[in-house]
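Each value in this text was obtained by applying a stated rule to the coordinates, not by laboratory testing. Just so it is clear, the structure is predicted and the values come from calculations on it, not from any experiment. Note that each Cβ is placed from the backbone with ideal geometry, even for glycine, and that neighbours are counted across all protein chains shown.
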Ligand code: SF4
C-alpha cells in the first residue's frame with residue numbers, strides 16, 4: 001500500500017437508474033438499506049439524497065467519514081426520519097486524521113453537531129489503534145455531550161499479518177500505524193507468527209461454512225452494479241489477485257451477476273446464486289478463501305467474534 005490510487009480500481013459511481021430499477025415495491029421483506037462504505041464513502045455519490053428518497057418505507061443506514069458536505073447539507077439530512085448515520089471518527093483531533101488521511105476532525109464534529117441538532121439519529125464508530133486507545137473515555141464523554149445514540153469501538157483487520165501498517169503519501173513513507181495493545185487478531189488467535197500467512201492454520205482447523213449474510217437475509221450490491229451474497233466477497237476486487245482469480249472461477253462470467261445486464265430477480269435465480277456459491281460453501285469444487293476466513297465454524301472470524309476473541313472492520 002504505497003499511498004497511490006490504484007489504476008485497476010473502478011472509481012465510477014453506481015448509476016442512479018440501477019437503483020431506481022430495482023423492484024423496490026415488490027420487495028416486501030426489504031427492511032433496511034445500508035450504504036456501508038465498503039468501496040468508497042457514500043457521501044461521494046452526487047445523487048445520494050435522491051437514492052435515499054427511493055426507499056421511504058425502509059430504514060436507511062449510512063457509514064461515512066463525514067468530512068464531506070457542509071453544515072447546511074447535514075442539517076437538512078438530519079430531518080429525514082428513516083435515516084441513521086454512523087460517523088466513523090477514529091480518535092480526537094489529529095489522532096483521528098492519522099488513519100482517516102486528508103479528512104478534517106473539526107469539520108466532522110461540526111457536521112455531526114449540525115446533523116444531530118436538526119433531529120438526525122447518529123452512532124459513532126471508533127476504530128481503536130495504539131495511537132488513539134488513550135482517548136476512549138474522552139470519546140465516550142464527547143459522544144454523550146454531542147448527542148450520539150451510541151458509540152462503539154472496534155479493531156482494524158489491517159493487522160492480520162503484521163502488528164504495524166505503513167502509511168504512505170504518493171509513495172513517500174510517513175509513519176506506522178500500530179495495532180491497539182488490547183487487540184487480538186485472527187493471527188494471534190490461531191497462534192501464527194508475525195509475518196507468517198495464517199492461512200495454513202486457518203485451513204487446518206476449518207469446519208463447515210455457515211454463510212452469515214444468507215442467514216441474515218442480506219445482499220450486497222457493489223458500486224459497479226454487480227451483486228454478491230456479502231460485502232466481504234464484493235470487496236474482492238480491491239483485494240489480492242489470488243482472491244479475484246478464485247472468485248472468477250466460481251462466478252465464471254461477471255455479466256451473470258451484473259445489474260447492467262440482468263434484473264435482480266434473474267441474478268438471484270441464476271446458477272451463480274442457486275448453484276455455484278452454495279456448492280462452494282460446502283467445498284465443491286472449493287470454498288473461497290474469504291468464506292473460509294470469515295464464516296467457517298472452526299477458525300473463521302465470525303466464529304471467533306461470537307466468542308469475543310476477534311474483531312473485524314469488514315463486517316458491514
Ligand atoms: S464470506 Fe462467504 S460464507 Fe461468509 S457471508 Fe460472505 S458469502 Fe457468505
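The table that follows gives values for the structure above.
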| read-out | value |
| --- | --- |
| Relative contact order computed over the range 2-120 (Cα-Cα under 8 Å; 6+ residues apart), in percent | 23 percent |
| Largest to smallest principal axis extent of the C-alpha atoms in the range 66-139, angstrom | 37, 22, 16 |
| Set of the range 77-114 residues, backbone N closer than 19 Å to the point 7 Å along the Cα-Cβ line of residue 172 | 97-103 |
| DSSP bridge orientation in the range 89-216 - percent antiparallel, rounded to nearest 5 | 60 percent |
| Orientation-averaged projected area, Cα convex hull of the range 1-69 (nm²) | 5.9 nm² |
| Cβ-derived FRET efficiency at R0 41 Å, residue 53 paired with residue 252, nearest 0.05 | 0.70 |
| For the range 242-299, convex hull of alpha carbons as volume per residue, Å³ | 85 Å³ |
| 17 Å reach of a label modelled at residue 102, 7 Å along Cα-to-Cβ, counting backbone N of the range 1-39 | 1-13, 39 |
| CD proxy at 222 nm, helix term only [per DSSP H run n ≥ 4: -39500 (n - 2.57); per residue of the chain; nearest 500] | -8000 deg cm²/dmol |
| Where Rh is the Kirkwood radius over Cα pairs, Rg/Rh for the range 198-271 | 1.00 |
| Listed peptides 27-35, 131-139 by packing density, highest first (mean Cβ within 10 Å) | 131-139, 27-35 |
| Convex hull per residue volume in Å³, alpha carbons only, for the range 149-225 | 222 Å³ |
| Kirkwood-Stokes translational diffusion coefficient of the range 29-84, alpha-carbon pairs, 10 °C, 1.306 mPa s, µm²/s | 134 µm²/s |
| Expected-Rg normalisation [2.2 N^0.38 Å, Cα atoms] applied to the chain | 1.02 |
| For the range 145-213: relative contact order, % (alpha-carbon pairs under 8 angstrom, 6 or more apart) | 24 percent |
| Tail beyond 23 Å, pair distance distribution of the range 167-291 (Cα, percent) | 44 percent |
| Ratio of the Cα radius of gyration of the range 127-182 to 2.2 N^0.38 Å, where N counts its residues | 1.38 |
| Efficiency of FRET from Cβ geometry, residue 8 and residue 117, R₀ 41 Å, rounded to 0.05 | 0.45 |
| For the range 51-160: relative contact order, % (alpha-carbon pairs under 8 angstrom, 6 or more apart) | 28 percent |
| Protection proxy ranking of 7-14, 121-128 - average other beta-carbon atoms within 10 Å, highest first | 121-128, 7-14 |
| Gap separating the Cα centres of the range 243-286 and the range 79-136, nearest whole Å | 36 Å |
